[in-house]
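So the structure is just underneath, and the comments pick up after that.
Readers should treat all values here as calculations from the given coordinates under stated rules, not as data from a laboratory. Predicted, not measured: the structure shown is a model, and the values here were computed from it. Methodologically, a virtual Cβ is constructed for each residue, glycine included, from the backbone with ideal geometry; neighbour enumeration extends over all protein chains shown.
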Amino acid sequence: MKTSELKAKSVADLQTELLSLTKSQFVMRLQVATQQLTNTSEFRKVRRQVARIKTILTEKGAQQ
């Protein structure tokens, strides 16, 4: 998802998205540990997406 699409979402939607990404990141971390993850680049994408959402949540908090 692009940054512009994330900025258009509400804070509640962003927090829901962040929760689901954090859960998938945990599952991927377990798969890496057990050597079951085949697409390792996906882990990097999820980690960056989490960072994007946290940054946008911080920006929205500063605006209020």
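Couple of notes before you dig in:
- When +1 charges are put on Lys and Arg Cβ atoms and -1 charges on Asp and Glu Cβ atoms, the dipole computed for the stretch 3-59 relative to its Cα centre reaches about 180 debye.
- In order along the stretch 37-42, phi translates into HN-Hα couplings of 7, 8, 9, 6, 5, 5 Hz, rounded to whole numbers, per the Karplus curve 6.51 cos²θ - 1.76 cosθ + 1.60 with θ = phi - 60° and x for Gly and Pro.
- Neighbour counts of other Cβ atoms within 10 Å put Val46, Val27 in the fewest-to-most order Val27, Val46.
- Here the contact order of the chain, divided by its residue count and restricted to Cα pairs under 8 Å and six or more residues apart, works out to 47 percent.
- The length gained on full extension between Arg29 and Ser10, counted as 0.36 nm times the residue separation minus their Cα-Cα distance, comes to 4.0 nm.
- For the chain, the longest principal axis of the C-alpha atoms and the axis of helix 11-33 are separated by about 10°.
- Rounded to the nearest whole angstrom, the semi-axes of the ellipsoid equivalent to the chain, taken from the Cα gyration tensor as √(5λ), stand at 26, 11, 9, largest first.
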